[in-house]
Every structure is written in C-alpha cells, then in structure tokens.
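Only one structure is covered here, and it is reproduced in the block below.
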Amino acid sequence: MSYGSFLHLSKPASMMTAHASSTPTPLNIIIHPQSLFSILDHTLRRNEGQERVIGTLLGQRSEDGTEIEIRSAFAVPHIESAAQVEIDMEYHKTMYNLYHKANPKEILVGWYATSLELNAFSALIQNFYSSVSDGTYPCPAVHLTMQANPSSDISIKTYISTNVGVLPDKISESCLFVPVPNELRYSESERSGLELVASAKNNESRVTSIISDIASLEKSVEEVIAMLERVSAYVSSVQDGTTPGNVAIGKFLVANLSLAPKIDADELEKLFNSHLQDILLVVYLSNTIKTQVELFNGLKRMAVIS
C-alpha cells in the first residue's frame, strides 16, 4: 500500500509534552461585549470587496485552564486570495505588546475571523496563533468565528484545534477544529449600555438617544414593578392550582427574598426620596457647570476677536 493512503494524526501541542506539563482543554469560553464591538467595528471598516477580516483575541484563563475569557480584540491587517493569504505579523506583535503593557492581566488567547467558514487558510492562521514562539503554546488557541449580516442575527462559534494531515509535511497547513461551548457575559455596569444599543434595533435609522438620569430611574422602577407583578401572578396561580409548582423556581424565589433587607415601607420611601433628591442635585450641578464652561468659552472667543 502506498504511503499517501495512510491518515496521519498528530496529538495536540498540549499532549506532545510530558504528562506533568500537559494543559487541560477549555470546556467553556466566556465572551465579553467589548471584544464583540471591536470585531463588529473592524467588520464595518473593512475594505471594499474583502470577504472577511481577522484579528487577535486577548483575555484570561482560569487557573485550571478549563475556562477562557475573551475580554478584548484588535484587528490584524491581512490580504487573502484564492491562492494565498498574507498576514502582517509584525503589526500583530507590536499591537499585542502595547495591549499587554496597558492590561498586564490580559494575555493572548486566540484569533477571530468574520466568517463561519473553516478552510486551509484558517488552519495556517490557527497554527501560527498556537505556535511555541509567538502563540499560546502550550495552551490551545481559541478560534472565534462571527457572521454579522445586517439581514440576520449575529452567529458566533468558538473552536480549538488539533493538527491533522495526510502527510507529515502538510501538518502545518491543516488541522481539525473542535467546537467549544461559549456564552456572552456582561457586568451590571455594561447592561445599561447594551440595553441602550439594543433599543435602536427597531428604528429604521438605527439611532437612539441617551435618556436622562430621571428617565432611566423611571424605566428601572417600571421594570422592577413589572417583574414583581409577573412573579406575584405566578405564585398566585401556583397557590390556586392552575399552574403546577416548580421546585427550582420556588427555591430561587426563596433565596432572593431572603436577601432582601427588612425595611419598613415608610423608611424605604424616605430613602428613595433622599436618593431622588441627590440625583436632582447632581443634574443641577452638572447643568450649572456646563453653563459656566460655555460662558467662559464665549468670553474667551470675544476677547480673542477684540
């Protein structure tokens, strides 16, 4: 039988070392909104006729290596045709060093591409990001693919890889991409910004205005009231026997109710009004400062003209 009829498999980089230095495979990948916004911005700014763009992913790994957080990303210039792909490696190294100086806790975790397609060029780029010298070795590199068509929802997939090839000299040009589950996670401070961005999806112009603090407070109170009414309706329906009870939901409600502070209704109203007065005071002071700055700039321009 000829040599080329065999299928040669090579172990992942993390398994080619000694057992003591083996690195566990990530079981979950957490994606932060900031990295997605960077990728979407890169997509919108791509050159005309360019099908996909690529870039570097930065983040953190858990101590046991089973979880990876993708916190930020930056674009990497590349030229891709049907015959070859060229990547500006020096730009990638320079940008990574700058990012790492600004955020020492963020390390190289992989790369992204704005296409769901996996091809031979994807394998070449994946092997570079997994390399020993400038890559994530001995940890596996994460490959994130994103499809962002204006007419459809955003589709995101994440992979790690292991080398696979029919000939030993072709291993660097091919690899097997293994899907890894991912989830989008954001903090409470980021939630308001994401909700504001999402509020523009129903507008034809895709434009929305920033609401004031008072309007934001009013919206938050309305959402809390709506959630309380929904929970109250569910509890009443369970008590009436019209809805079957759920043990998991019951435990969740009891756990959350136990965290609520025991405050008298009058005291709660007093605290709320005090907080409202503080917000009004901050708004008044900010408007006063803005007026003073505009007045100063106006007087300065008049002095220059005279």
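Numbers for the structure displayed
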item	result
Contour minus Cα-Cα distance for residue 200 and residue 185 (0.36 nm per residue)	3.3 nm
Fluctuation leader among 190, 80, 294 - the chain, Gaussian network, Cα springs under 10 angstrom	294
Estimated FRET transfer efficiency (residue 254, residue 67; beta-carbon r; R0 25 Å; 0.05)	0.30
Projected-area mean, the chain, by convex hull of Cα positions, square nanometres	28.8 nm²
Gap separating the Cα centres of the stretch 115-132 and the stretch 204-276, nearest whole Å	47 Å
Per residue accessible area in Å² of the chain, where ligands, DNA and RNA are left out and the probe is 1.4 Å	68 Å²
GNM flexibility winner over the chain from 160, 211, 54 (Cα, springs under 10 Å)	211
Selection from 197, 94, 289 lying farthest towards where the dipole of the chain points positive, charges on Cβ	94
Choice from 120, 226, 260 showing the highest fluctuation, given a GNM over the chain with Cα pairs closer than 10 Å	260
Helix runs (DSSP H) in the chain reaching 30 Å along axis by Cα, Kyte-Doolittle at least -1.0	213-240, 265-305
Order by protection proxy (mean Cβ within 10 Å, highest first), peptides 197-203, 130-136, 64-70	64-70, 130-136, 197-203
FRET efficiency estimate (nearest 0.05) - Cβ-Cβ, residue 271 to residue 303, R0 51 angstrom	0.60
Solvent accessible area, Å² - residue 94, 1.4 Å probe, full protein context	80 Å²
Accessible-area ranking of 302, 227, largest first, probe 1.4 Å	302, 227
Carbon + sulfur, % of accessible area of the chain - ligands and nucleic acids excluded, 1.4 Å	59 percent
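The values are calculated or read from the model by the stated rules, or taken from the named source; none is laboratory data. This is a predicted model, so every value here is computed, not measured. Counting neighbours? That spans all protein chains shown, and the Cβs are built from the backbone with ideal geometry, glycine included. Just so you know, the surface numbers come from the protein's heavy atoms only, side chains and all, with ligands and any DNA or RNA stripped out. Shrake-Rupley method; radii C 1.70, N 1.55, O 1.52, S 1.80 Å.
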